[in-house]
Amino acid sequence: MAEEKKEKLTIVMFSGDLDKALAGFILATTAASMGMEVSMFFTFWGLNIIKKNEGSIPSKGLMRKMLNFINRGGSKRLKLSKFNMLGLGTGMMKRLMKEQNMPSVDEFIKTALEMGIKLVPCSNTCGIMGVPPEAFRPGVVSMAGAAFFLGEARKSKVTLFI
Amino acid sequence: MAEEKKEKLTIVMFSGDLDKALAGFILATTAASMGMEVSMFFTFWGLNIIKKNEGSIPSKGLMRKMLNFINRGGSKRLKLSKFNMLGLGTGMMKRLMKEQNMPSVDEFIKTALEMGIKLVPCSNTCGIMGVPPEAFRPGVVSMAGAAFFLGEARKSKVTLFI
Amino acid sequence: MAEEKKEKLTIVMFSGDLDKALAGFILATTAASMGMEVSMFFTFWGLNIIKKNEGSIPSKGLMRKMLNFINRGGSKRLKLSKFNMLGLGTGMMKRLMKEQNMPSVDEFIKTALEMGIKLVPCSNTCGIMGVPPEAFRPGVVSMAGAAFFLGEARKSKVTLFI
């Protein structure tokens, strides 16, 4: 099948919650394995999912430094939207996932990149929140704005806002 | 109009909040009454919406037993995402709905089933959370995974992630 | 391009959070500037976004009066879904937006109306919550129900539930 004939799935990852990140990657990788072309567009708290797990985030100005400290991000720091219970619920969920041989978010990101899924940080929110390109893990596509997302969505069979 | 020509609406019910459950069922039943074919795919906390209201949920292992105790679910136990106020806000919302002759979630589920709306629990999350098929109310279609949902979504005119 | 040939974007604004309101308006106004026809359908807490900022909301019955007091709404009263920190985080986000010349939600609404974006309050939830038409800012289209939204969504290239 020619590249331009592939059906497309586009997902906005707005949330930085562990459960929503999992939902997004389960759908994205399954779609890719079904032969769909997949783009994931990360914005607001969703940017945390694709930030590097190591080091601190360099940013300018006191407010952005503070924001990037309390909102550090990284796939290993994501928490459940419910029952986090100071990390207890989140830890329990991670163990239950492992028992079922469900990949972690970190593993899902690697698989997604290997499958050719495009991971795109939103330039608009990166600008506001002071998140520089080097905050993201290798493999992440360069930033793009709302117009890029809408262009992808217009060509998509399915578009989800998670 | 032949069955296969009907326009389709597919909804992912990720959230187990009362307000989002209502939004989902208002859209689903309205779409069905407009002649659309509707599938609702329940995942993560959304599974709570279609669990039986009675009895406890049998599951294996201490962690899953705990999770199914604190995350019991059932259409009558759903809470508002905002202003729950220890149940006061949720109770108030239910009374306001009754005053306006708006069905409860429980009634909406019965109507949805009567209208032929497919209610499908996500097998992936049921596996992780240890939710067995017998936890769901009668009429709920057998579990299916992300590939099933994507197959439905690809054939749909409108797909929503709630 | 003839009006009926324009590609359509339809957005359900369910949430009344500042961050989700911004995401919605960034997408809506960008789509309109790309020549798309845009409808935004406000329901549940999302109604708060398009309420007037001034005065109180007249409503009948003690419960609805209470609800409209604690859930006053107005574009200037929206809070972040995360890190609100008693208003500190929300204030910080507003300052960061201003520094980047990002419009406020209030300015976004005015721009959206000027661009011909339809802002439609959901009649079903207005009925339950006791929100009268005069609670909304001028320019907001008259209320419509779920069937109206579905009609728009069926004609849309992209539909999002935010």
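The table below lists the values:
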read-out	value
Residue list for segment A:137-146, restricted to those being at pLDDT 95 or above and closer than 13 Å to A:Thr43 by Cβ	A:Ala144, A:Gly145, A:Ala146
Qualifying residue in segment B:131-143 (condition: touching a residue at least 12 places away in the same chain (Cβ under 8 Å), farther than 30 Å from B:Met66 by Cβ and of a type in the set (A, V, I, L, M, F, W, C))	no
A:Ala153, sole failed condition from (1) surrounded by fewer than 20 Cβ atoms within 10 Å (Cβ to Cβ); (2) more than 24 Å from C:Ser81 (Cα to Cα); (3) among the aliphatic types (A, V, I, L, M)	(1)
Yes/no for A:Ile26 being within 13 Å of chain B (Cβ to nearest Cβ), hydrophobic (A, V, I, L, M, F, W, C), closer than 21 Å to B:Glu152 by Cα and surrounded by fewer than 24 Cβ atoms within 10 Å (Cβ to Cβ)	yes
Complete set of residues in segment A:63-87 that are of a type in the set (D, E, K, R) and away from every other protein chain (no Cβ under 11 Å)	A:Lys65, A:Arg72, A:Lys76, A:Arg77
Given (1) within 14 Å of chain A (Cβ to nearest Cβ); (2) out of contact with any Cys (no Cβ under 8 Å at 6 or more places or on another chain), number of the condition B:Thr90 does not satisfy	(1)
Condition check for B:Gly16: within 14 Å of chain C (Cβ to nearest Cβ), under 23 Å from A:Thr90 (Cα atoms) and at pLDDT 95 or above	no
Filtered residues of segment C:107-125 (kept if touching a strand residue (DSSP E or B) at 6+ places or on another chain (Cβ under 9 Å) and either of a type outside the set (Lys, Arg) or without any contact (Cβ under 8 Å) to a residue 40 or more places away in the chain (or both))	C:Ile109, C:Ala112, C:Leu113, C:Met115, C:Gly116, C:Ile117, C:Leu119, C:Val120, C:Pro121, C:Cys122, C:Ser123, C:Thr125
Test: residue in segment C:2-10 that is modelled with pLDDT of 95 or more, surrounded by fewer than 23 Cβ atoms within 10 Å (Cβ to Cβ) and assigned to a helix (DSSP H, G or I)	no
Some residue of segment A:54-62 being polar (S, T, N, Q) and within 18 Å of the chain's Cα centre (by Cα)	no
Some residue of segment C:128-148 being at the interface with another protein chain (Cβ under 10 Å from one of its Cβ atoms), over 15 Å from the mean Cα position of the chain (by Cα) and among the β-branched types (Val, Ile, Thr)	yes
Within segment C:31-46, tally of residues that are surrounded by fewer than 23 Cβ atoms within 10 Å (Cβ to Cβ) and part of a helix (DSSP H, G or I)	2
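The values are calculated or read from the model by the stated rules, or taken from the named source; none is laboratory data. Keep in mind that this is a model prediction, so the values were computed, not measured. Cβ sites come from the backbone with ideal geometry, for glycine too, and all protein chains shown count toward neighbours.
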